[in-house]
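The values are calculated or read from the model by the stated rules, or taken from the named source; none is laboratory data. Because the structure is predicted, anything quoted here is derived from the model rather than measured. Every residue, glycine as well, gets a Cβ built from its backbone with ideal geometry; the counts of neighbours run over all protein chains shown.
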Amino acid sequence: MIGACSVAMLFGCTPHIVNESAMPPVQGSLEFSIGNTQKELSTGEGAWWQQFERPVLDALIHQAIDGNLSLAQAYARVKQTQALTKQTRSDRLPQVNVDGEANTRFRGSDSIRGSSETGVALDWEIDVFDRVGSAVLANTWQEKASIENVEALKLTLAAEVANAYFGTIAAQQKLTLLHDQVKTDQELLALLELRYNNGVGTYVEVLQQQSRVADSKSLIPNAEALRMSFEHRLDVLLGKSPDNSSRVHHHETLDFAASLPPVGVPVDLLINRPDLRVAKAQLVASDAAIGEAIADRLPSISLDGSYVFSDTATFTGPVSLITSSFIQPLLDWGKRKAEVERNKALYEEALANFGQRYLEAIEEVENALTQEKSQREFLDRLEQRRKILNATVKETEARYRQGVDDYLPVLNALQELRTVERDLVDQRLVLVQTRIALYRATGGRVVRHQAGQEEAL
């Protein structure tokens, strides 16, 4: 009866079919609300950061890809998953071992001729229901996930280097602005002191300007510390110890091309974004694990064999043996079935995660597109205000020199102008960061280093 049931299961069960072309269980929009629908950099050459046309930035990112220690950890994890795949794949092949045995019997102090056997033994599980094959497939896709995770980390690393690079430029610009403001304040202070000594101005005006000079100087240390923190961040990203050296030229600006890059359509993100490729690889690996769990409930067939040279009291010569075994789980109190259910639940989780990441990827692109448009409008209006305040300062200074007004309107206008000038530097940095976020959200392009070669992805 048991044999009949086993044969029925042997020929009546269909192996689990893994879907290696899985898609997110959600429907995204057909196109983005803003931007060119061409594929990202489809006709251009080079990595995304090269669109900023900064050779120093390009060199820094390449150094980071070569020396970053977090990236080195990711490469090590790839090697680990590759080793696991090799281990699992070896289970599909016959395992051959060398066996040997020798013994000698004693009766009192006299020895009796013993026996010995030396040869090879074979152990092979015939993977009828693809249990090992499913495990190999699961590990293969986990290996792919670890490789794609390296690409995702490269994209993140390049974005972090770019943000630190432009952050350093912004800090340098703010320092230059503050030093210029101190110089202007000191020149005005000298003028006020001269007018006071000539009996024209008041001592209150001199004190007010001295306070303005002190206030401008007080902002310099924090600005310098911010610049160095960006420099230190660059050092760490490059895999180097912070050494307080400057890696960014002082003449650099925050300007870049205003035109938006091609962003493609939402479905392109499934190909362009490495984090979505990671999610898909993990999803397929979960699907393959279901097949492994299902196959574990089915009969297991093994083939064992040995070929030895036997030397005993009754026979000397080669001996060969081949045996086969058939094992069908009969009563495990639902243990294997529960493992199938667990793997199915893991697949459902991975599928939902894939869909959620896809939606968030679309959201990130839409946010970056909208934010860049709004940020440019905000910068235009802020620049208009700067021009108005600059004209106001000139007019109030002229009226003060003519003796029409006192010094307070000049002081107020200067204070507003300088606040706006510093805000402009900060907001230009925000605009650059938004463009970097857009490149990152659309998948960007990174450089893969293998065997000393470089390949743009």
Revision key, fill the gap. Of the residues in the range 252-307, those that are closer than 21 Å to residue 350 by Cβ and among the β-branched types (Val, Ile, Thr) come to 267, 271, 278, 284, 290, 294
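Could we say that residue 209 is at pLDDT below 90, buried (at least 22 other Cβ atoms within 10 Å of the Cβ), of a type outside the set (Ser, Thr, Tyr) and over 30 Å from residue 279 (Cα atoms) here? Can you show your working first?
Working: at pLDDT below 90: yes; buried (at least 22 other Cβ atoms within 10 Å of the Cβ): yes; of a type outside the set (Ser, Thr, Tyr): yes; over 30 Å from residue 279 (Cα atoms): yes.
Spelling it out, residue 209 is indeed at pLDDT below 90, buried (at least 22 other Cβ atoms within 10 Å of the Cβ), of a type outside the set (Ser, Thr, Tyr) and over 30 Å from residue 279 (Cα atoms).
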Check your understanding: What's the number of the condition residue 183 fails, among (1) free of Cβ contacts under 8 Å to residues at least 12 places away in the same chain; (2) closer than 30 Å to residue 83 by Cβ; (3) basic (Lys, Arg)?
Key -> (2)
**Study point:** Neighbours by Cβ (under 8 Å, 6+ apart or cross-chain): first from the range 319-331, in contact (Cβ under 8 Å) with a residue 40 or more places away in the chain; second surrounded by fewer than 10 Cβ atoms within 10 Å (Cβ to Cβ)
**Key:** 328/2; 330/2
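Looking at the range 80-114, which of its residues are hydroxyl-bearing (Ser, Thr, Tyr) and at pLDDT 75 or above? Can you show your working first?
Filtering the range 80-114 down to residues hydroxyl-bearing (Ser, Thr, Tyr) leaves 81, 85, 88, 90, 104, 109, 111.
Within the range 80-114, 81, 85, 88, 90 qualify.
For every residue, the table says whether it meets (1) within 30 Å of residue 17 (Cα to Cα); (2) surrounded by 19 or more Cβ atoms within 10 Å (Cβ to Cβ).
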{"site": "65", "(1), (2)": "no, yes"}
{"site": "72", "(1), (2)": "no, no"}
{"site": "84", "(1), (2)": "yes, no"}
{"site": "119", "(1), (2)": "no, no"}
{"site": "124", "(1), (2)": "yes, no"}
{"site": "144", "(1), (2)": "yes, yes"}
{"site": "153", "(1), (2)": "no, yes"}
{"site": "159", "(1), (2)": "no, yes"}
{"site": "164", "(1), (2)": "no, yes"}
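Could you identify the single residue in 43, 37 that is outside any helix (DSSP H, G or I) and either exposed (fewer than 11 other Cβ atoms within 10 Å of the Cβ) or modelled with pLDDT of 90 or more (or both)? Working first, answer last.
Values: 37 fails: either exposed (fewer than 11 other Cβ atoms within 10 Å of the Cβ) or modelled with pLDDT of 90 or more (or both).
After applying the criteria, what remains is 43.
Picking from 189, 194, which residue would you name as being crowded, with 17+ Cβ neighbours inside 10 Å, farther than 17 Å from residue 405 by Cβ and not β-branched (Val, Ile, Thr)?
Values: 194 fails: crowded, with 17+ Cβ neighbours inside 10 Å.
Every option except 189 fails the conditions.
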Revision key, fill the gap. Taking the range 348-379 and the residues there that are over 23 Å from the mean Cα position of the chain (by Cα) and touching a residue at least 24 places away in the same chain (Cβ under 8 Å), the one that is surrounded by the most Cβ atoms within 10 Å (Cβ to Cβ) would be 375
Revision key, fill the gap. Restricted to the range 389-414 and to residues being exposed (fewer than 15 other Cβ atoms within 10 Å of the Cβ) and polar (S, T, N, Q), the residue modelled with the highest pLDDT is 390
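Examine the range 208-223 for a residue that is under 23 Å from residue 437 (Cα atoms) and in a helix (DSSP H, G or I), and state whether such a residue exists. Don't jump to the end; show me each part of the working.
Of the residues in the range 208-223, the ones under 23 Å from residue 437 (Cα atoms) are none.
Within the range 208-223 (the criterion being under 23 Å from residue 437 (Cα atoms) and in a helix (DSSP H, G or I)), the answer is no, since none of the residues qualifies.
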Check your understanding: Can you name the number of the only condition in (1) at pLDDT 90 or above; (2) of a type in the set (A, V, I, L, M, F, W, C); (3) more than 30 Å from residue 441 (Cα to Cα) that residue 188 fails?
Key -> (1)
Revision key, fill the gap. Note on the range 250-294: residues polar (S, T, N, Q) and either in contact with a Pro (Cβ under 6 Å, 6 or more places away or on another chain) or not in a helix (DSSP H, G or I) (or both) are 253, 259
Review point. When you look at residue 58, is it without any contact (Cβ under 8 Å) to a residue 60 or more places away in the chain, in a helix (DSSP H, G or I) and of a type in the set (Asp, Glu), yes or no?
Key: yes
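Please tell me if residue 141 is over 13 Å from residue 300 (Cβ atoms), among the aromatic types (Phe, Trp, Tyr) and in contact (Cβ under 8 Å) with a residue 12 or more places away in the chain. Break it down into steps so the answer makes sense when it comes.
Numbers: over 13 Å from residue 300 (Cβ atoms): yes; among the aromatic types (Phe, Trp, Tyr): yes; in contact (Cβ under 8 Å) with a residue 12 or more places away in the chain: yes.
In short, yes.
Would you mind finding the one in 227, 273, 233 that is basic (Lys, Arg), at pLDDT 85 or above, surrounded by 20 or more Cβ atoms within 10 Å (Cβ to Cβ) and more than 30 Å from residue 30 (Cα to Cα)?
Working: 273 fails: more than 30 Å from residue 30 (Cα to Cα); 233 fails: surrounded by 20 or more Cβ atoms within 10 Å (Cβ to Cβ).
After ruling out the rest, the residue left standing is 227.
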Check your understanding: Here is a list of conditions, (1) touching a Cys at 6+ places or on another chain (Cβ under 9 Å); (2) not in a loop (DSSP other than H, G, I, E, B), and residue 189 meets all of them except one; can you say which number that is?
Key -> (1)
Review point. Going through the range 328-371 one residue at a time, which ones are within 24 Å of residue 286 (Cα to Cα) and polar (S, T, N, Q)?
Key: 343, 353, 356
Check your understanding: Is there any pair linking a residue in the range 251-267 that is of a type in the set (Ser, Thr, Tyr) to one that is part of a loop (DSSP other than H, G, I, E, B), with Cβ under 6 Å and at least six apart or on different chains, and which?
Key -> none
Review point. Taking the range 324-373 as the search range and keeping residues that are β-branched (Val, Ile, Thr) and in contact with a Ser or Thr (Cβ under 9 Å, 6 or more places away or on another chain), which one is farthest from residue 288 (Cα to Cα)?
Key: 370
Check your understanding: List the pairs whose first member sits in the range 78-107 and is free of Cβ contacts under 8 Å to residues at least 60 places away in the same chain, whose second member is in a loop (DSSP other than H, G, I, E, B) and surrounded by 12 or more Cβ atoms within 10 Å (Cβ to Cβ), and whose Cβ atoms are under 9 Å apart, counting only residues at least 6 apart or on separate chains?
Key -> 91/127; 92/127
Review point. Of the residues 71, 30, which is part of a loop (DSSP other than H, G, I, E, B), modelled with pLDDT of 75 or more and out of contact with any Asp or Glu (no Cβ under 9 Å at 6 or more places or on another chain)?
Key: 30
